[in-house]
Amino acid sequence: MKRIPTPSIFLSFLIIFCGIWHTYADQSDSTASLRELAGKCDLYIGAAVTPERMQRDSQYRETLAREFNLITAENVMKFHILQPQRGKFNFAPADQLVEFAREQNMVQRGHSLIWHHMGTPDWVTKGDWTREELIEVMREHIHTVVRHFKGKVKYWDVVNEAIDPEKSHGFHESVWYRIIGADYIDLAFQFAHEADPDVLLCYNDFGGERLGKKSDAIFELAKGMQKRGIPIHGVGLQMHIRTHGYPEPEDLKANIARLGELGLQTQITELDVRLQEPVTQEKIERQAERYQEILQVCLESPTCTAYILWGFTDKSSWIPGFFKGYNDALIFNREYQPKPAYFSIQRTLMNHLQKENVRSH
Ligand code: G3I
């Protein structure tokens, strides 16, 4: 006699089938690149890059084009590289990046027009300028650079790291502040807007991620600029962090929300999570959690439009040169193998997409 399958056997088949399907679906999803997933989440996922490495390292180029939809110039769009001598502009290295971004259909971010001594050539910092002369230097630089990249750069960091809440006047004592005064910031944004009225203009800084003195000062700066009619469209939070502590996700979220209330985009512009040597598996896992936490906040914040890393492979990072005893801050190792941080970003993007799909049905 033929046995008729009972409902429980049906159920078992169903469970096994669903299990197999789910495993398959998981695997096929997990081959999606960060770029594909972030695109579906309407998010820019980016990395700071250098043309020197781009030229000589095909794995670098391939990984970059596969995993990211935005690039930032780590150094070659800074003042001292673009205009090493007065009136002598050197656009070649930056043009290489812009061309790569165009070929690979990526967004180009410009970093940065005005910084303090680190990004500014000696002929500017050591010059004996009157206020009017230095304003003219700034105008010439910004006009020439922004016009050169018009239509090719979507966002500019117009002013980088101008605020110092520890100073009584609240500003970093750069040549710009010393000779022009605090309104150099307004002027820089105005000049950039004159040169390209369509480009989106950001103020970029470190240590302003959580609610506190520095982020309050950034918020007040942006609010004041808006009141004075100065074009500003976004704030960049650099986010060079370690595995523990700063910034707490809730704090970061509240900070992004209040900038959003001013109508400003927030971008995570320079994220890396440095590890103290010796690097252990536990630290690498904790690093993955930090990358995940920050991304989660960005995805949950409607005005957070970009999640950008300061590099992407441990083969090329500013960290060991600047922080003695720290290393391995990025999401690919030196052989371009994805680290747990890569997978935590991938999972977070996938989970976000699943939740959004559920919500839209
Ligand atoms: O290219 C020269 C090389 O020819 C020379 O042999 C070598 C000797 O030291 O120096 C090389 O230049 C270095 C350059 O990085 C490229 O590696 C400079 O000395 C060094 O000062 C420069 O550091 C950069 C730093 O900004 C200062 O401009 C870092 O790469 C870059 O990651 C860092 O980026 C900044 C952001 O712009 C703003 N936010 C903080 C972030 C980290 O400091």
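Would you please name the trypsin sites (Lys or Arg not before Pro) within the range 180-241 that are DSSP coil residues with at most 13 other C-beta atoms within 10 Å of their C-beta? Filter output for the range 180-241: Arg228. Helices that extend 15 Å or more along their long axis by alpha-carbon positions and average at least 0.5 on the Kyte-Doolittle scale are, among the DSSP H runs of the chain, 7-30. Remark: the range 52-162 carries a charge dipole of roughly 280 debye about the Cα centre, counting +1 on each Lys and Arg Cβ and -1 on each Asp and Glu Cβ.
Within a straight-line Cα-Cα reach of under 12 Å, Lys283 can be paired with the following aspartates and glutamates, leaving aside sequence neighbours fewer than 8 residues apart in one chain: Asp328.
Look at Ile241, Ile256 and count the other Cβ atoms within 10 Å of each Cβ; fewest to most, that gives Ile241, Ile256. Rg and Dmax of the range 40-158, both derived from C-alpha coordinates alone, stand at 15.4, 52 Å.
Calculated [222 nm] ellipticity per residue, helices only, for the chain: -15000 deg cm²/dmol; basis is -39500 (n - 2.57) per DSSP H run with n ≥ 4, divided by all residues, nearest 500. Relative to the Cα centre, the charge distribution of the range 152-245, modelled as +1 at Lys and Arg Cβ and -1 at Asp and Glu Cβ, gives a dipole magnitude of about 220 debye. For the range 127-184, the set of trypsin sites (Lys or Arg not before Pro) satisfying both a DSSP loop assignment and a count of at most 11 other C-beta atoms within 10 Å is given as Lys167. In terms of other Cβ atoms within 10 Å, Tyr155, Tyr44 run from fewest to most in the order Tyr44, Tyr155. Bridges between two residues of the chain, per DSSP, are antiparallel at a rate of about 10%. Both radii are taken from the alpha-carbon atoms of the range 33-360; with Rh as the Kirkwood radius, Rg/Rh is 0.95. Between the residues Pro302, Asn105, Tyr44, the greatest Cα displacement towards the positive end of the dipole of the range 33-360, with unit charges on the Cβ of Lys, Arg, Asp and Glu, is found for Asn105. With the charge dipole of the range 33-360 set up from +1 on Lys and Arg Cβ and -1 on Asp and Glu Cβ about the Cα centre, the Cα lying farthest toward the positive end among the listed residues Leu259, Ile135, Leu271 is that of Leu271. In summary, the lysines within cross-link reach of Lys40, defined as a Cα separation below 26 angstrom excluding same-chain residues under 8 places away, comprise Lys152, Lys154, Lys253, Lys339, Lys355. In this structure the amide hydrogen of Leu70, modeled in the peptide plane, comes within under 5 Å of the amide hydrogens of Ile45, Ala47, Val107, none closer than 5 places in sequence on its chain.
Note on Arg334 and Arg178: the model spin-label points, each 7 Å out from Cα along the C-beta direction, lie 4.0 nm apart. When only alpha carbons of the range 293-361 are considered, Rg and Dmax amount to 15.0, 51 Å. Sparse packing (at most 14 other Cβ atoms within 10 Å of the Cβ) combined with a DSSP loop state is found for the following trypsin sites (Lys or Arg not before Pro) in the range 24-93: Arg86. The ranking of Leu37, Leu201 from fewest to most other beta carbons within 10 Å of each one's beta carbon is Leu37, Leu201. Placing unit charges on each Cβ (+1 for Lys and Arg, -1 for Asp and Glu) gives the chain a dipole about its Cα centre, and among Pro93, Pro121, Ala222 the Cα reaching farthest toward its positive end belongs to Pro93.
Bear in mind these aren't lab numbers, they're just calculated from the coordinates by the rules spelled out. A quick note: this is a predicted structure, and the numbers were derived from the prediction, not measured. Note: ideal-geometry Cβ built from the backbone for every residue, glycine included; neighbour counts use all protein chains shown.
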